[in-house]
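Below is one structure, written out as C-alpha cells; the observations come after it.
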Amino acid sequence: MPPPKDIVKIAIQMPGAYPQLIELDQKKPLSAVIKEVCDGWNLPGPDNYALQYTDGVQTYITESNRLDIKNGSILRLTKAPGRCAEDLYKGIQSSDSGVRCDSLKQLAGVSTDVTFAQEFISRDGHSLLVHIVENANEVPLIMTHTLTAFMELMDHGIVSWENLSSVFIKKIASFVNAKVLDASIQQLSLAILENMVLSSGSLFQLVKQEVTLERLITHLQVTNQQIQTKAMALLMALLQTAGEADRQELFAFLSKKNLRQYIYKNIIHSSGSVGDEMAHYLYVLQSVTLNHLEPRMRTPLDSYNQDQREILHSLRQAAFETESDSSLSHERRRSLCAKEFKKLGFSNNSNPGQDLIRTPPGLLALDTMSYFSSRYPDAYSRFVLENSSREDKHECPFARSSIQLTLILCEILRIGEPPSETGSDYHPIFFSQDCLLNELFCICIQLLNKTWKEMRATQEDFDKERIAWLVKVMQVVREQITRTLSSKPTSLELFKNKVNALNYSEILKLRQTERLHQEETLAPPVLELKERLKPELLELIRQQRLNRLCHGTLFRKISSRRRQDKLWYCRLSPNHKVLHYGDVDEDTDTPPIETLQEKIPVSDIKALLTGKDCPHMKENKGKQNKEVLDLAFSITYDVEEYNLNFIASSRTDFCLWTDGLSVLLGREMTSECMRSELEILLSMEIKLRLLDLENVPIPESAPPIPKPPSNFNFCYDFSQTEQ
C-alpha cells in the first residue's frame, strides 16, 4: 500500500552522529519535527537548531518551503538562522583579524539564504558591513569577503539601495577609480555600483559624478575577463538608465574616446572566448547605439523641406550628367528631372519624395542612398546607368530596391526594438565600423543587383504584392545577409567576400539540404532504409512501365515533307513477348490487339536507340530540331537488323516507352521521369515508415555493441544429450 502523500521519507545528517532515517509528516509543525530529531541524538535546546539541504544551494527548511522536500532528500541538522546570525555578528566585531576573516567568509556563504539574511539584517548587520567598507582599514581578503556578503544580502531586496550613505558610495567608487587595487575588490565594487544605478535615478547621478568613464574604459583593456565584464555591465547600466540628454552626453564622450575600438581590440579579438554575460552587454551596446537611428527611420520625407529635396536632387545629379539647369526652360527642366528620376527607379517620377513617405524606413532610406552615392560614386553610377540602359524586363530600379533593402537591414539589425533582457546576438562587425548600417547597405545594394541578374527578375516584381516581391528577390537577399551575419564576420571585407560567395544557386542548395535535414531524410539510418526500399520501388516502376506498354500509345509518322498526316499504334502483348503495331485512323482510341497486323517478337529486339543515334534522325541530318531529337527513339530487331522508328508526342511518353523497352531488354531504366518518380515514392514511403517516430530524434549511428562477457557459463549447450 503506497504511503500517504503527506509522508516524505528522508535522511537527516549531523557531523559526528549516525544519520537518522525518518518519515516526515508534512502536517506536523516543523518545530515538533526538529524536537524529535534532537531527541534522537539527545541534543538539548531544539530551538537552537534548524534543518538545511545538504546539496546544491544549502537553504534552510521553513514552513513556507517545506513542501518542496522530496522523497529521498538528505537534510542536515544545523544551527538555527537566528543563532547563526548572532554568532557571525559577534565574530565580525572580534578584535582578532583571523576570527573576523573567517566570520566574514562564512557570512558570504550563508547570506544567499533569505531566512538567514532576514535574521542578520534584523540585527543591523548590514550597517556593520557598510561601516567596515567606509573605514577601509581591512586587508584585501577581508574586504573581499565583506563586499561579497554585502552584495548577497542586498540581492534579497530587504534593504533599499537608496538607504546607503554618500560616504559608502564614494568609497566604492574610489575602489573602481583606483589604478592599483586587488582585482576581486574592483570586480565586486563594479557590480555594487551597477546595482545602484539600476535601482534609482538619484543614485545614477551620484555614481555618474563619482566614477570616471576613462577609468571604466581602462578596465575594458585589462586581461581579467571578470573585470572587463563588470565594467561593461556598469557602462550599460549607465547608458540604459540615463535620460535622453545624459545618454547623448555619454555617447558623445564614449565615441570621442573610441570605445568601440577598445572593445574590438581587447574583447572581440582577445585570446579568450567571449562569455555569455559579456555577449549580452555587447548586444545591449549594439542595440542602444543602433536605436539612435530610430527617429530617422520613423520620420517620413517632407516634400517642403529644402534640405531633403536637395539630397534627392543630388542623387539625380550624381547619376546623370545633365545640361546646366539655368540654360533650360522650366518645363524642359521639369520633364528632364522626371525622366531621370524614373531611371533612378522612383515610382512617382514627378514627386519622388512620395516614395519615402512610408515609415519605416522613412528618411533612413534617403540617408543610405545619399551615403552610397557620395562614398562610392563609381559603384553608384555604374548601378544606375547599367539598369537604366537595360530593357524594361531586366531593369532593377535603384530607388525602390534601396527603400526595400533599407527596411530589411532595419529588421535584421532590430533598429527600434528595445534590447532584450536575455539577448546575446551581437555582431562583431558592428564594433569595427562607425557607420555599420550605411556600409552594409553599400555592399548589399550591389549584392541585390547581382542576385537580381542571377534570378532574372523583372521590374514588375516591385509593383506586385509585397509577398511576391519578397519571394522573388528580397527574400533571397535577406537570406544571404542573415546567413552571412550568423557566421559572425569580424570585418566588412570578410562580410563582403562571404555574402558575395553565397549566390542564388548556393541559397537554393542550402534550402534543399536544410529541408532534407528537417525531414530527417539525410540521417544515416534513413539513408540505409532508403537503399533497402529502392529495389521494391524500382520493381513497382518496372511493372507500371510494362502495363503502360501493354495499354499502348498512338504515334504519328513524319514524312519527308514534315507532314504529320499518318497515325500508327503500338502496344505490348499481355504476356510481354510480342510488340504489335499497325496504322490506325485518326479517330481511333485504343484499337484491339488483333487489329494490329505487324508483330515483333521481344526476343528478336537487339538494341534501343535514342536521339541522334536513331536511323530516322540520321536520314534527315541537319534538318531535325532539338525538340524532335529529344522525342525520337528506335528499336533494332531481327538478324537483318530492321528498325522500328518512334517519335513520341511528349517527353512523358518518351520516358515511359524507353524505360519499358529497357525493362524488356533486361537493362536499367535511366529516364528523368523514373528518377523523379522513384524519389517521390521513396519520400512517401519513408514518411509513412517514420510516422510512429514523430518528434523522436533519429541517432546518427547505431548504439555501440557491448563487449562480450568474460565467459559464457550462463549458456546452455543443447547439443549435449542428457545422460
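Condition test on Cys396, is it buried (at least 22 other Cβ atoms within 10 Å of the Cβ) and outside any helix (DSSP H, G or I)?
Yes: the conditions hold for Cys396.
Look through the range 94-122, keep the residues that are outside any helix (DSSP H, G or I) and more than 13 Å from Ile158 (Cα to Cα), and return whichever of them is least open to solvent (accessible area, probe 1.4 Å).
Top of the filtered list is Ser94.
Six or more apart or on different chains, Cβ under 7 Å: which pairs go from a residue in the range 213-229 that's in a loop (DSSP other than H, G, I, E, B) to one that's aliphatic (A, V, I, L, M) and surrounded by fewer than 18 Cβ atoms within 10 Å (Cβ to Cβ)? Could you list them?
Correct list of pairs: Asn224/Ala183.
Can you name every one of the strands (runs of 3 or more DSSP E) wholly within the range 1-58 that holds 1 or more residues which are open to solvent by 40 Å² or more (accessible area, probe 1.4 Å) and within 25 Å of Ala117 (Cα to Cα)?
7-13, 49-53
Among the helices (runs of 4 or more DSSP H) confined wholly to the range 440-518, which include 3 or more residues that are of a type in the set (D, E, K, R) and modelled with pLDDT of 90 or more?
By residue number, 475-486, 492-501.
Can you find a residue in the range 192-199 that is of a type in the set (D, E, K, R), open to solvent by 50 Å² or more (accessible area, probe 1.4 Å) and at pLDDT 90 or above?
Taking every residue of the range 192-199 in turn, none turns out to be of a type in the set (D, E, K, R), open to solvent by 50 Å² or more (accessible area, probe 1.4 Å) and at pLDDT 90 or above.
Do the conditions hold for Met236, that is, is it closer than 17 Å to Leu285 by Cα and either at pLDDT 90 or above or in contact with a strand residue (DSSP E or B) (Cβ under 7 Å, 6 or more places away or on another chain) (or both)?
yes
Out of all the residues in the range 50-67, is one or more small (Gly, Ala, Ser), modelled with pLDDT of 90 or more, farther than 29 Å from Ile7 by Cβ and touching a Leu at 6+ places or on another chain (Cβ under 9 Å)?
No - not one qualifying residue is present in the range 50-67.
Looking at (1) more than 25 Å from Gly275 (Cα to Cα); (2) in a helix (DSSP H, G or I); (3) open to solvent by 20 Å² or more (accessible area, probe 1.4 Å), can you tell me which one Ile169 breaks?
It is condition (3) that Ile169 fails.
Would you tally the residues in the range 672-707 being open to solvent by less than 100 Å² (accessible area, probe 1.4 Å) and part of a loop (DSSP other than H, G, I, E, B)?
Count: 6.
Which of the residues that make up the range 336-350 are closer than 14 Å to Leu315 by Cβ, out of contact with any helix residue (DSSP H, G or I) (no Cβ under 6 Å at 6 or more places or on another chain) and open to solvent by 50 Å² or more (accessible area, probe 1.4 Å)?
Lys342
Could you tell me which residue of the range 399-449 is least open to solvent (accessible area, probe 1.4 Å), considering only residues that are over 20 Å from the mean Cα position of the chain (by Cα) and acidic (Asp, Glu)?
Among those residues, the one meeting the criterion is Glu439.
Residue by residue through the range 151-179, note down the ones that are without any contact (Cβ under 8 Å) to a residue 40 or more places away in the chain and of a type in the set (S, T, N, Q).
Ser160, Asn163, Ser165, Ser174, Asn177
Please work out if Glu194 is acidic (Asp, Glu), more than 19 Å from Asn135 (Cα to Cα) and in contact (Cβ under 8 Å) with a residue 40 or more places away in the chain.
Criteria met by Glu194.
Cβ contacts < 8 Å: first residue under 21 Å from Lys9 (Cβ atoms), restricted to the range 55-82; second residue of a type in the set (Lys, Arg) and open to solvent by 70 Å² or more (accessible area, probe 1.4 Å), any location; separation 6+ or different chain. Result?
Sorted first by the residue in the range 55-82, then by its partner, the pairs are Asn71/Lys9; Gly72/Lys9.
Got a sec? Which strands (runs of 3 or more DSSP E) wholly within the range 566-653 have at least 1 residues that are touching a residue at least 60 places away in the same chain (Cβ under 8 Å) and either closer than 16 Å to Phe555 by Cβ or open to solvent by 50 Å² or more (accessible area, probe 1.4 Å) (or both)?
Ranges flagged: 566-572, 578-584, 642-647.
Looking only at residues that are assigned to a helix (DSSP H, G or I) and aromatic (Phe, Trp, Tyr) in the range 275-325, which one is surrounded by the most Cβ atoms within 10 Å (Cβ to Cβ)?
Tyr281
The values are calculated or read from the model by the stated rules, or taken from the named source; none is laboratory data. Just so we're clear, the structure is a prediction, and the values are computed from it rather than from any experiment. Here the Cβ is made from the backbone with ideal geometry for all residues, glycine too, and neighbour counts use every protein chain on show. Remember, those area values only see protein heavy atoms, side chains included, never the ligands or the DNA or RNA. Shrake-Rupley method; radii C 1.70, N 1.55, O 1.52, S 1.80 Å.
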